[in-house]
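The values are calculated or read from the model by the stated rules, or taken from the named source; none is laboratory data. Everything numeric here is computed off the predicted structure, so don't read it as measured data. Here the Cβ positions follow ideal geometry from the backbone for every residue, glycine too, while neighbour counts run over all protein chains shown.
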């Protein structure tokens, strides 16, 4: 896994659409606990616009190892293109 944060990318403070577009451009997934991304995904889906896969992690007591395993399970079942424009609830 190659993990980067928005801070490492110098994108702290960027709006969610820009972050999601950057993830799509780099063929990355968005791991977030920010429910604003769920609303953004709904809007983009209605517009039939492609977006990077969103892994929504509400963190309620889930350890990072469990989260990583869940992401890897999804990665093994489909390629990046098939995962795009979907939200995965962890």
*Based on what the data block shows, is residue 41 assigned to a loop (DSSP other than H, G, I, E, B), touching a strand residue (DSSP E or B) at 6+ places or on another chain (Cβ under 8 Å), at pLDDT 90 or above and within 20 Å of residue 11 (Cβ to Cβ)?*
no
*Go through 18, 12, 45 for me and flag whichever is out of contact with any helix residue (DSSP H, G or I) (no Cβ under 9 Å at 6 or more places or on another chain) and under 13 Å from residue 87 (Cβ atoms).*
45
_Among the residues of region 30-38, are any over 13 Å from the mean Cα position of the chain (by Cα) and either exposed (fewer than 14 other Cβ atoms within 10 Å of the Cβ) or not in a helix (DSSP H, G or I) (or both)?_
no
*Looking at region 55-72, which of its residues are over 17 Å from residue 3 (Cα atoms) and in contact (Cβ under 8 Å) with a residue 24 or more places away in the chain?*
58, 59, 62
*For region 7-25, which residues satisfy the criterion of being modelled with pLDDT of 95 or more and surrounded by 11 or more Cβ atoms within 10 Å (Cβ to Cβ)?*
11, 14, 15, 16, 17, 18, 19, 20, 21, 22, 23, 24
*Just name the residue that is surrounded by the most Cβ atoms within 10 Å (Cβ to Cβ) out of those in region 44-71 that are at pLDDT 95 or above and assigned to a loop (DSSP other than H, G, I, E, B).*
53
*Scan 75, 81, 52 and give me the residue that is in contact with a strand residue (DSSP E or B) (Cβ under 8 Å, 6 or more places away or on another chain) and free of Cβ contacts under 8 Å to residues at least 40 places away in the same chain.*
52
